[in-house]
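The values are calculated or read from the model by the stated rules, or taken from the named source; none is laboratory data. It should be emphasised that the depicted structure is a prediction, and the values quoted were computed from it without experimental measurement. Backbone-built Cβ (ideal geometry, glycine too); neighbour counts: all protein chains shown. Ligands, DNA and RNA are excluded from the accessible area calculation, which covers all protein heavy atoms including side chains. Shrake-Rupley method; radii C 1.70, N 1.55, O 1.52, S 1.80 Å.
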Amino acid sequence: MSAMALDERAFFTEKPEMRTGSYQCPRCKRTSDYSVKWVRRTRRDRPPQGADERDRAKFAKLRDYVLRVDDEVTCKTCSKRFEIPSMNSLVFVDQLVGLPDEAALEREIAAASGEDTPPAPAKPALPARFTRKPTGWK
């Protein structure tokens, strides 16, 4: 009789954590920072009791990761719920460490391009039909 494979959660310790992310509401188009619930799964130091050879082989390959719990956030402007537009609801912890935050990335891009601050895009002039006085309207 073969032993049943152990559940993946038996190999990890779980700890909830909050991470902030910047998302744009698809309805009102406003971008804001939101706190999103994640679960950090850290590999235990040894395989659990009752693990067979297949479980031990699986345990050797496991990596720590964070798993997104929240799939939706509520817009801070229009109060509508929207889905978090992201493919990665699971991220390995060793991939998180080397990633710069968005503000540092923007500063690095500005420094590389020789700009102190990004210039505001110039607005095109309105055509005359929109700037004339509305005379003769009744």
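General observations
- Extreme residue, most open to solvent (accessible area, probe 1.4 Å), among residues of segment 1-20 that are within 22 Å of LEU90 (Cα to Cα) and at pLDDT below 85: ARG9
- Residue check, ARG40 open to solvent by 40 Å² or more (accessible area, probe 1.4 Å), touching a residue at least 40 places away in the same chain (Cβ under 8 Å) and either under 21 Å from LEU96 (Cα atoms) or in contact with a strand residue (DSSP E or B) (Cβ under 9 Å, 6 or more places away or on another chain) (or both): yes
- Scanning segment 44-74 for residues that are open to solvent by less than 70 Å² (accessible area, probe 1.4 Å), in contact (Cβ under 8 Å) with a residue 24 or more places away in the chain and more than 30 Å from GLY21 (Cβ to Cβ) yields PRO47, PRO48, GLY50, ALA51, ASP52, ASP55, PHE59.
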